[in-house]
């Protein structure tokens, strides 16, 4: 291809979203990986830490201080919360686009951000221009965005699961929306912690974050914006002994006018042109492995006529559509590429 | 101890509830294992099939036809649905008590039984005297019962989770009760099936039975009976890549009068004398492994004040409190033993 | 690309090697999937059985009887042993190349075949022309082969692990070669069996086949042929609770002349032009996940100077380099394509 | 029972061997748990950290400085290497017996200790009186021991696997003994480390420590002592994605006189009075789960007549017979109790 390649930098390449970006970008036909930073591992070849990348990534980690990120066309932040907002202005000034996989640009309400992330928001002016990066909801804005707040993993499942209903006014908000979500352990990150050791987290499961999880305000804000109305939202995440994979079971009370709507058709039409949203046949029970390693999200509808509720089952790979894959999808849109470029991986099953 | 031992027979000893009964009864101080039947494995020493029992169980499987079950004091049926009801009358006539771990004696409404289990109920007269075997709800009846319908695994979690609320009239039945339940794979039984192969069921998860699971009518009937009122119940079970363990996350709308009630105290008082129900401290997030191998069930309360809902998290070992352990607990009650006899196993962690 | 696509048929598409072929071939740029047969599932869309393939494979399974396999350019057999040899002649007569992923064309000695596979070999004349499909050993023959006996998973690890030593005469055959191999459970196939249920095979491991495993004679025959000498071979496979992945730890006594050889360099030179053999840096400890989903095999050398032994660690994905990936690699060679075509998947980590 | 209970202290109760000691001792009929120390968690109820112990252990962790360990009858050290030797003299002076589950008292050669553990040995005089705690080999010495060096997990499998051969002079030491060992991840301890995270260590496996593992000199010293001869020993441990469980596959060249020996009988006789060593029937393939949670070790013999080698398969629970269970077994012997007291747990299967 004659096109000039997109020069890509990754800040924080040693976590799971970082290595997942590398897996995807290493074979992206229009990308030239230019710099991968890590404070702790500067000088180490990336493929020494992740032998899966031997032969695919020749770069070494560079120290953030010496990495010339301003030469990039786009920089991904696969870092803890707070890093992207400290570096965004410099990059933007140099004409570099920013895609943050942490939470710095997800919550427009800085008070809410500060409450949940325990730090002041340092660049509300950038935040106000940032676009929440779910292409299926905000594609037009993403096209011209300079800064993307790449969504949390849980929010992607709940928002794409509910959007068609909300857009058509089919939810009865007198009852809370309930999302009972389950995540593989990679969602907790590549951090040395006892709670996510193999011997602690395998052959067992638990709920967590019931009293308050950072994705609750993110989902709530997005749902409220989509609905243009107040609503109540109960969110209970669970930790499941699998590496990747996320499944949200969503319970929602339908409004009176939903009775006249063929919901299965509604979803199929809403997402018919979306390459990464798969509305499953009625009655389907999607498994998380059906999207392992891929950017696909699958949605199945299960109406419960006796109760007036609809149960939705949504699955994705938390590291792909829930993180790095969606980030690449956003990049493709921002640079005018075909949206699926580099994202054609077939899910790994078994 | 000078007491004469209880002579125990087990019909169908090759499945997971069967071997779990053996694990528990092999060291029960008041039990003499007398016969373990298996049509397919007659003649094989039990410990050849389950080497974990070498040195603990010396019996061989016997053919059901030649097993002299009438000499037993009690017979456990760890069989497919339908077997217990075909043999119960003969045993009862011989003065043998019956504890069925399948569904034959769980549903008092035979029409419902026939709808879900696709077979006619062959002994409604025995069914009408059978007691639903949750000691914490029906202990007095169990004491004098000749036949126990040992509950399903999911129902035990939901019923013990909700009983204190229902008994006190604290649920607003205008909203459906929602139980989002998760089970380890052993719940599917020890049957040669592709869907539960290691390579199919590990590192993935799914919902199943949304359109209709046999435990739905069982739970619904019991809830209705406890409540003395009609109510709506949504039940979504999920298959989780762990061997044992069950966690139910229950979402329930509280009634107006609940606002004045200290729910945590209510639960602690309700279960204060129950040796196998552990009301966790407020805010707890119990893991399934905290009960691995034990008969304990743990309940944690998570009120969601903004929505008027209460979220309950209930964990048990599906093969113990959810099956074989509860069956032994019932046996202990039926024979006047201390209820915890033989059930003092410390959960295996990690 | 202007090249005409290769028309590919797959016989037996419902097992793990079958679905793995589909995963690889679905995005192979030079392949047109033409027919996928299954006796039991004829008529079912492939993507209904394997939702991971939704959007990638539009074919339905066809009955073997009605599949027009003679129109294909190549047919893969992902079937039980014995099927390929019953159909090979017809296909060859029609000018169709055959790649058998079962054992029909692996063992040149039909007496040995019959001893281990308990069936007569029905086409020794085809067998005698069949090529054992390890490209790194037999590439030239594969180029012109009409029939490939695709190697067993274990043999690929042992043979590529030992070939450089044998070729240079560096093994002391007075001691047996010992291969202690470990395989993920997918190696047992997608068959309904109790022993490989999740609840039987997870959180545990075992050795198996010590008294005799079908890959023993296959490895022994190949080693003997490479060495041009008699040798002794001890092989103990183990079943490991992981879906994919194979690791062989090989213990070999070095000959006197090995003392003067830089073994690390020897291996690096031997495999320097091999795109799918990765000789790891000295002292490396490769993990099976470093090749998950990819056709790469990694080899690490660990000399044990005090004993005169060399320990080799070899890892591959048993379904890719150990089966379907190597089969595609063979196909690429047979049709004059670049050997890596369609095999550029980055391993999935984590 | 009228006997006075043994007052037990545990130093370092927050690791896996610590909680395993608690699991076993909590229901030991002759033990009174007196103190459990933890520098980091002083004041926290033990059952808050390990909810599996709710209702079984009422103690809180105490600071090592304030714990009155001198009042105990025996103190177990479930600590990092080096702690026991710093405190042993004080305890011994107070008449307290010491059982160290770390390595301080395993290696009689302090130079070897210092080479492998990178610290000087601070009390060689105590070391010289310490007994290596494998009851099946050193029971008489254990009876009167004041200090036990509880063996490493791997050494227990290799030594009990080989002892009968060595005692009878049936090994040809001209070839190295090879132990290819596999361990569950709990063997790495309850430490916050990236390498043993669930997302790093599940669905994968690797060899480790080939260049040198601390159990190599321990096994080598013990083998040499048993044999009264020099011998060569190759040891390759592997990390397996299971919580508990250890399997050693041992390859040994038999001496000429072994040809006349019925090895199966030899093993059965050697261990016939050993309650925790189970010689499996000829040809058995024991699974690690067959000993999950129990103190049993199982050994299976697989002669390989063509090669003159014997392959042994040995399984144990690394945390029980490989650590805490063997420590309790030693305690029972030291205090004149029946050796199996408190160790009658039936393995948990499935």
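The values are calculated or read from the model by the stated rules, or taken from the named source; none is laboratory data. Everything quoted here is computed from the prediction, not taken from an experiment. Every residue, glycine as well, gets a Cβ built from its backbone with ideal geometry; the counts of neighbours run over all protein chains shown.
Scanning the range B:202-224 for residues that are away from chain A (no Cβ under 11 Å), in a loop (DSSP other than H, G, I, E, B) and touching a helix residue (DSSP H, G or I) at 6+ places or on another chain (Cβ under 6 Å) gives a single hit, B:214.
Among residues of the range A:147-167 that are modelled with pLDDT under 95, none has a Cβ under 7 angstrom from a residue that is outside any helix (DSSP H, G or I) at a sequence gap of 6+ or on a separate chain. Restricting D:104, D:63 to residues that are closer than 23 Å to residue D:189 by Cα and crowded, with 24+ Cβ neighbours inside 10 Å narrows the list to D:104.
With the requirement that a residue be part of a loop (DSSP other than H, G, I, E, B) and farther than 26 Å from residue B:188 by Cβ, what does the range B:66-101 give you? If you could, list the steps in order and put the result at the bottom.
To start, the set of residues in the range B:66-101 that are part of a loop (DSSP other than H, G, I, E, B) comprises B:66-68, B:72-73, B:78-82, B:94-96, B:101.
Matches in the range B:66-101: B:66, B:67, B:68, B:72, B:73, B:94, B:95, B:96.
If we scan the range D:46-56, do we find a residue that is surrounded by 15 or more Cβ atoms within 10 Å (Cβ to Cβ), in contact with a helix residue (DSSP H, G or I) (Cβ under 6 Å, 6 or more places away or on another chain), modelled with pLDDT of 95 or more and closer than 28 Å to residue D:144 by Cβ? Checked against the condition, which is being surrounded by 15 or more Cβ atoms within 10 Å (Cβ to Cβ), in contact with a helix residue (DSSP H, G or I) (Cβ under 6 Å, 6 or more places away or on another chain), modelled with pLDDT of 95 or more and closer than 28 Å to residue D:144 by Cβ, the range D:46-56 yields no hits at all. A single member of A:267, A:271 is away from every other protein chain (no Cβ under 11 Å), in contact with a helix residue (DSSP H, G or I) (Cβ under 6 Å, 6 or more places away or on another chain) and over 21 Å from residue A:76 (Cβ atoms), and it is A:267.
Here is a check on your reading of the model: is residue B:240 within 12 Å of another protein chain (Cβ to nearest Cβ) and within 30 Å of residue C:189 (Cβ to Cβ)?
Values: within 12 Å of another protein chain (Cβ to nearest Cβ): yes; within 30 Å of residue C:189 (Cβ to Cβ): yes.
So residue B:240 passes the test.
Kindly evaluate residue B:283 against the criterion of being within 10 Å of another protein chain (Cβ to nearest Cβ), closer than 30 Å to residue D:319 by Cα, surrounded by fewer than 19 Cβ atoms within 10 Å (Cβ to Cβ) and out of contact with any strand residue (DSSP E or B) (no Cβ under 6 Å at 6 or more places or on another chain).
On the way: within 10 Å of another protein chain (Cβ to nearest Cβ): yes; closer than 30 Å to residue D:319 by Cα: no; surrounded by fewer than 19 Cβ atoms within 10 Å (Cβ to Cβ): yes; out of contact with any strand residue (DSSP E or B) (no Cβ under 6 Å at 6 or more places or on another chain): yes.
No, not satisfied.
In the condition set (1) assigned to a strand (DSSP E or B); (2) facing chain B (nearest Cβ under 10 Å), residue A:148 is compliant with all but (2).
Confirm whether residue C:234 is surrounded by fewer than 22 Cβ atoms within 10 Å (Cβ to Cβ), within 8 Å of another protein chain (Cβ to nearest Cβ) and within 30 Å of residue C:217 (Cβ to Cβ).
Values: surrounded by fewer than 22 Cβ atoms within 10 Å (Cβ to Cβ): yes; within 8 Å of another protein chain (Cβ to nearest Cβ): yes; within 30 Å of residue C:217 (Cβ to Cβ): yes.
Judged against the criteria, residue C:234 is a match.
Residues in the range D:225-236 that are more than 17 Å from residue C:253 (Cβ to Cβ) and in contact with a helix residue (DSSP H, G or I) (Cβ under 6 Å, 6 or more places away or on another chain): D:226, D:227. With the condition kept exactly as written, say whether any residue in the range D:106-125 is in a helix (DSSP H, G or I), within 23 Å of residue D:320 (Cα to Cα) and in contact (Cβ under 8 Å) with a residue 12 or more places away in the chain. No. The set of residues from the range D:237-275 being in a loop (DSSP other than H, G, I, E, B) and either touching a residue at least 12 places away in the same chain (Cβ under 8 Å) or more than 24 Å from residue D:138 (Cβ to Cβ) (or both) comprises D:240, D:241, D:242, D:243, D:244, D:245, D:255, D:261, D:262, D:271, D:274, D:275. Do we find that residue C:27 is away from chain A (no Cβ under 14 Å) and either in contact with a strand residue (DSSP E or B) (Cβ under 7 Å, 6 or more places away or on another chain) or within 30 Å of residue B:198 (Cβ to Cβ) (or both) in this structure? Criteria not met by residue C:27. I'd like to check something: does the range C:319-340 contain any residue that is free of Cβ contacts under 8 Å to residues at least 24 places away in the same chain, surrounded by fewer than 24 Cβ atoms within 10 Å (Cβ to Cβ) and within 14 Å of another protein chain (Cβ to nearest Cβ)? Looking for residues that are free of Cβ contacts under 8 Å to residues at least 24 places away in the same chain, surrounded by fewer than 24 Cβ atoms within 10 Å (Cβ to Cβ) and within 14 Å of another protein chain (Cβ to nearest Cβ), one finds none in the range C:319-340, hence no. Residues in the range D:118-133 that are surrounded by 19 or more Cβ atoms within 10 Å (Cβ to Cβ) and within 18 Å of residue D:214 (Cα to Cα): D:121, D:127, D:132, D:133.
Of all residues in the range A:295-306, those that are within 8 Å of another protein chain (Cβ to nearest Cβ) have Cβ atoms under 9 Å from Cβ atoms of residues that are modelled with pLDDT under 95, 6 or more apart or on another chain, in A:302/A:282; A:302/A:283; A:302/B:211. In the condition set (1) within 20 Å of residue A:347 (Cα to Cα); (2) more than 14 Å from chain B (Cβ to nearest Cβ); (3) in contact (Cβ under 8 Å) with a residue 24 or more places away in the chain, residue A:278 is compliant with all but (3). Count of the range C:38-63 residues, restricted to those that are part of a loop (DSSP other than H, G, I, E, B) and either away from chain A (no Cβ under 14 Å) or farther than 20 Å from residue A:276 by Cα (or both), is 9.
Check the range C:179-201 and report whether any residue there is farther than 29 Å from residue C:38 by Cβ, assigned to a loop (DSSP other than H, G, I, E, B), modelled with pLDDT of 95 or more and in the same structural domain as residue C:278 (by TED's automatic domain parsing).
Just the residues of the range C:179-201 that are farther than 29 Å from residue C:38 by Cβ, to begin with: C:179-182.
With assigned to a loop (DSSP other than H, G, I, E, B) added as a condition, the list becomes none.
Looking through the range C:179-201, none of the residues is farther than 29 Å from residue C:38 by Cβ, assigned to a loop (DSSP other than H, G, I, E, B), modelled with pLDDT of 95 or more and in the same structural domain as residue C:278 (by TED's automatic domain parsing).
Taken together, the residues in the range C:53-84 that are under 23 Å from the mean Cα position of the chain (by Cα), farther than 30 Å from residue C:118 by Cα and without any contact (Cβ under 8 Å) to a residue 60 or more places away in the chain amount to 1.
Looking across the range D:8-27, the residues that are touching a residue at least 40 places away in the same chain (Cβ under 8 Å), under 15 Å from residue D:75 (Cβ atoms) and not in a strand (DSSP E or B) come down to D:12, D:13, D:17, D:18, D:21, D:25. Comparison of B:19, B:11, B:31 shows that the only residue that is touching a helix residue (DSSP H, G or I) at 6+ places or on another chain (Cβ under 6 Å) and within 19 Å of residue B:330 (Cα to Cα) is B:31. In the set (1) within 19 Å of residue B:341 (Cβ to Cβ); (2) part of a strand (DSSP E or B), the condition left unmet by residue B:35 is number (1).
Checking each residue in the range B:171-186 for being out of contact with any strand residue (DSSP E or B) (no Cβ under 6 Å at 6 or more places or on another chain) and surrounded by fewer than 24 Cβ atoms within 10 Å (Cβ to Cβ) picks out B:173, B:174.
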